[in-house]
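Working notes for the structure below.
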Amino acid sequence: MLNVFNTTQGVVVGNSVELADTSMKRLFGLLGRHGLEAGGGLWIKPSSGVHTFGMSFDIDVVGLDRNLKVIKLWNSMVPYRVTTVSFKMRSVLELPSGVILATKMQVGDQLHITSTPESM
């Protein structure tokens, strides 16, 4: 599990975020789930865009560059939608719907991602 901290805003974005860094984990992503717990999420890397086909709940989506700087935001993306694809985007963070607004995340914010102690 991972901790995600927005250093620009000084807030925790998630404290039990999963990493999807293999082709199988990226392929299945959040499919088959019924939602995300508070503090949860999925960090997909590499990724230049995502879709919500087959999902049954809304998510917030954060597009990140290679330095984990926020370059694109999708608030409460509903099922059966596709983000734009960007070659500047190197990874994507999928979060429970409402996290972007609750944490006041903005394009240009810097994120910091670390492993939680129990996952080491």
Percentage relative contact order, the chain, counting C-alpha pairs under 8 Å, at least six apart: 32
Each label point is 7 Å from the Cα along the Cα-to-Cβ direction; what then is the distance between the points at PHE57 and ARG81, in nm? 1.7
Assuming 0.890 mPa s and 25 °C, estimate D for the chain with Stokes-Einstein, Rh taken as the Kirkwood radius over Cα pairs, in µm²/s. 175
Answer in debye to the nearest 20: the dipole magnitude of the chain about its Cα centre, from +1 Lys/Arg and -1 Asp/Glu charges placed on Cβ, is 400
List nothing, just return the count: lysine pairs in the chain, 8 or more apart or interchain, with Cα separation under 21 Å. 8
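Quick note: the coordinates plus some simple rules give every number you see, no bench work behind them. On a predicted model such as this, the values are computed, not experimentally measured, just so you know. Glycine gets a Cβ as well: all are built from the backbone with ideal geometry, and neighbour counts include every protein chain shown.
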